[in-house]
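A quick write-up on the structure given underneath.
The values are calculated or read from the model by the stated rules, or taken from the named source; none is laboratory data. For clarity, every value in this text was computed on a predicted model and none was experimentally measured. In this analysis, Cβ positions are derived from the backbone assuming ideal geometry, glycine residues included, and neighbour counts consider all displayed protein chains.
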Amino acid sequence: MIELHNICKRFGSKIVLDDVSLKIEDGETFVIIGQSGVGKTTILRAIAGFFNPDSGEVLIDGIHMDRATSRVKANLREKMGFLFQSGALINWLSVRENVALPLVEHRIGTKEEIDRIVDEKLELLQLTDAAEKMPSDISGGMKKRVGLARAIVRNPRIILYDEPTSGLDPVMSAKIDELIIKMKNELKVTSIVVTHDMESAYRIADRIAMIYKGSVLQCGTPEEIKNTTNPFVRQFIEGRLHGPIEV
């Protein structure tokens, strides 16, 4: 279980997170929505322990990420996989080498074992034919899948997704959503997904939280969000220019 209790974070004079509390159950796909710059990715970074909040607590399976030593934080991160918005592939490494990188860096297994694990993940994400290609030779959607293969290569229990469908066409976005659902069903992972894409959010989410100006406006099931009476949430999910949200 992942728990955030009354998290506050300020960068300079800007309040980025303002008393955020969330509880994410094991095996849940939890989606975070909201405008750009309201603190969504900062929540992912807090969960990963990339910074300590100014106040509040972050707990991973009951262990305080916010108070942990560097070694404990590293151990907690070993349970996590990260899919960055850009894919963050290493341009001079092949698809196979990019996926293998976490195993090689942490010296997990022999070359033969690493090759076997990488082959499994490439097959799972339908990337076998692209294994020897370079990042410059593959499409944006394929780069997302390579990033996802790398994120799961160590069989994490938690995957953090930052805008997994941004910049993709509707068909490829649906494919990425299908893969996120597959990770949940086949690997039993807990997923936290930051997105602006409401169609994607409704497809994949067990619960959705909307963040506005660093605070949680509403958290509920996709049906509860679709039927919300909160005017801020209503304006965002319908993509309306006029309403209480400052555009």
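If Gly239 meets every condition in (1) more than 22 Å from the chain's Cα centre (by Cα); (2) within 20 Å of Gly27 (Cβ to Cβ) apart from one, which number is that one?
It is condition (2) that Gly239 fails.
What are the pairs, 6+ residues apart or on separate chains, where a residue within region 116-135 that is part of a helix (DSSP H, G or I) has its Cβ under 6 Å from a residue that is among the small types (Gly, Ala, Ser)?
If the second residue must be among the small types (Gly, Ala, Ser), the pairs left are Val118/Ala100; Lys121/Ala149; Leu122/Ala131.
I need the full set of residues from region 42-56 which are under 18 Å from Thr190 (Cβ atoms) and not in a loop (DSSP other than H, G, I, E, B), in order please.
Ile43, Leu44, Arg45, Ala46, Ile47, Ala48
How about region 17-41: which of its residues are part of a strand (DSSP E or B) and under 19 Å from the mean Cα position of the chain (by Cα)?
Within region 17-41, Leu17, Val20, Ser21, Leu22, Lys23, Ile24, Thr29, Phe30, Val31, Ile32, Ile33 meet the criteria.
This table checks each residue for (1) of a type in the set (D, E, K, R); (2) touching a helix residue (DSSP H, G or I) at 6+ places or on another chain (Cβ under 7 Å); (3) free of Cβ contacts under 8 Å to residues at least 24 places away in the same chain.
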position	(1), (2), (3)
Asp197	yes, yes, no
Ser200	no, yes, no
Ala209	no, no, no
Cys219	no, no, no
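I want to confirm something. Restricting to region 33-43 and keeping residues that are crowded, with 19+ Cβ neighbours inside 10 Å and on the phi < 0 side of the Ramachandran plot, which single residue is modelled with the lowest pLDDT?
Across region 33-43, the extreme among qualifying residues is Val38.
Determine which member of the set Arg10, Arg45 is among the basic types (Lys, Arg) and either more than 19 Å from Pro164 (Cβ to Cβ) or touching a residue at least 24 places away in the same chain (Cβ under 8 Å) (or both).
Checking each option against the conditions leaves just Arg10.
Hey, Arg154 hits all of (1) touching a Leu at 6+ places or on another chain (Cβ under 8 Å); (2) more than 23 Å from Glu78 (Cβ to Cβ) but one; which does it fall short on?
Of the numbered conditions (1) touching a Leu at 6+ places or on another chain (Cβ under 8 Å); (2) more than 23 Å from Glu78 (Cβ to Cβ), the odd one out for Arg154 is (2).
What residue, among those in region 93-144 that are polar (S, T, N, Q) and surrounded by 14 or more Cβ atoms within 10 Å (Cβ to Cβ), is farthest from Asp177 (Cα to Cα)?
By that ranking, first place goes to Ser94.
Report yes if Leu59 is surrounded by 15 or more Cβ atoms within 10 Å (Cβ to Cβ) and modelled with pLDDT under 90, otherwise no.
Against the criterion (surrounded by 15 or more Cβ atoms within 10 Å (Cβ to Cβ) and modelled with pLDDT under 90), Leu59 does not qualify.
Would you pick out the residues in region 9-40 that are touching a helix residue (DSSP H, G or I) at 6+ places or on another chain (Cβ under 9 Å) and closer than 12 Å to Leu217 by Cβ?
Val20, Ile32, Ile33, Gly34, Gln35
Taking the criterion of being in the same structural domain as Ala201 (by TED's automatic domain parsing), out of contact with any helix residue (DSSP H, G or I) (no Cβ under 9 Å at 6 or more places or on another chain) and not in a loop (DSSP other than H, G, I, E, B), would at least one residue in region 73-96 satisfy it?
So far as region 73-96 goes, yes, one or more of its residues are in the same structural domain as Ala201 (by TED's automatic domain parsing), out of contact with any helix residue (DSSP H, G or I) (no Cβ under 9 Å at 6 or more places or on another chain) and not in a loop (DSSP other than H, G, I, E, B).
Taking region 136-184 as the search range and keeping residues that are in contact with a helix residue (DSSP H, G or I) (Cβ under 7 Å, 6 or more places away or on another chain), β-branched (Val, Ile, Thr) and not in a helix (DSSP H, G or I), which one is modelled with the highest pLDDT?
Ile159
Filter region 203-247 down to the residues that are in a loop (DSSP other than H, G, I, E, B) and at pLDDT 90 or above, then identify the one that is surrounded by the fewest Cβ atoms within 10 Å (Cβ to Cβ).
The selected residue is Thr229.
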